[in-house]
1. Project the alpha carbons of segment 11-78 onto their principal axes and report the range along each, largest first, in whole Å.
2. For Val8 paired with Arg86, estimate the spin-label separation in nm (one decimal), with each label point 7 Å from Cα along the Cα-to-Cβ line.
3. Normalized C-alpha radius of gyration of the chain, against 2.2 N^0.38 Å?
4. Using the beta-carbon distance between Glu72 and Ser256 and R0 = 41 Å, what value does 1/(1 + (r/R0)^6) give for FRET efficiency, to the nearest 0.05?
5. Compute the helix-to-body angle for 54-71: its Cα long axis versus the longest principal axis of the chain, expressed 0 to 90° and rounded to tens.
6. Give me His217, His90 ranked fewest to most by other Cβ atoms within 10 Å of their Cβ, as a rough exposure proxy.
7. Treating the angle as unsigned and between 0 and 90°, give the value, to the nearest 10°, between the Cα long axis of helix 125-146 and the longest Cα principal axis of the chain.
8. With an 8 Å cut-off on Cα pairs and a minimum separation of 6 or more residues, tell me the relative contact order of segment 82-289 in percent.
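Just so you know, all these numbers are worked out from the coordinates, no wet-lab data involved. In this text, all values refer to a predicted model and were calculated from it rather than measured experimentally. Here Cβ is always computed from backbone atoms with ideal geometry, including for glycine, and neighbour counts include all displayed protein chains.
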Amino acid sequence: MPAYLRKVFLDPEGALRNGWKALGYFLLVVAISLLLSPLYRLLPRALRTVFPPQGTGVLACLAAAWAFLRTEAAPLSALGLRLNGRFLGHLVLGTLGGCALMGASAGLAWSLGGLHWTRTPGVGLAALSSAAWLFLAVALFEELLFRGYAFQRAARGLGFTGAQTAFALIFALMHWRNPGMAGATRAWATVNIALAALLLGFCWRRTGSLALPIGVHLGWNWTQGSLLGFGVSGTASQGWWTPVFHGRPEWLTGGSFGLEASLPGVLVCGAAVLALGAWKGSTGGASTASGS
């Protein structure tokens, strides 16, 4: 290999640079997903009810990460997937934290006169449980994709701050095709989704595990959509409660997009980012994020 190409692709130790690893991971996830998607459609309807479509994305992310980690002689658990009591504790803590964040955002919007709620008839515990299972699959997929192998290798190459900035932008831009992403809603939603990405990145950094960000992501979406009845990133959701808007500006409530496109959401999520930025954490991902 010519010397100039060697510098582009390989680090001084002769290993593939972390940026190329991150890009290769994304491409492999896409390739595996394209392979699994038609197989998923062949599953019986009953199995597709139990196994949500996001499950194929989870499998693709795990398979791609395993393939790249094999080249580094590292186990899959090195991503922060060591399934033990500590992992379960962080998952529960994160879920409760995500519920609290969204509850605080909704409470702030309510206190400012933006809306009230009415009980949704016909929505019971079975619906809440089914939605929690779906949102768990969504959280697993998005956290493996955006805080897993690619993010962690970017943190090695760019430093944690550089990776946070890059992936917050990517995470926000990936939501631009969602329903309702137009005008002022797009601006508020982009800010809040980018802040959420920073929050979830800090969750990994401070614990060295993906359990906390998975839990926060799950609690955030489930409370917003399944419990409080808001849209979830523009996708309509029937909740335990139904919000009744009072005709106030959409920046106060997020409108049909959900609280992620509201000022209360930005304020609460921003405060959580500052708090996690100041928290030293228990184990931290410092060793994973260091290096060139």
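1. Dimensions of segment 11-78 along the principal axes of its Cα atoms: 52, 21, 12 Å.
2. So the two model labels end up 4.2 nm from each other.
3. It is 1.04.
4. 0.40
5. 20
6. If I rank by nearby Cβ atoms, fewest first, I get His90, His217.
7. In the chain, helix 125-146 runs at an angle near 30 degrees to the longest axis.
8. 34
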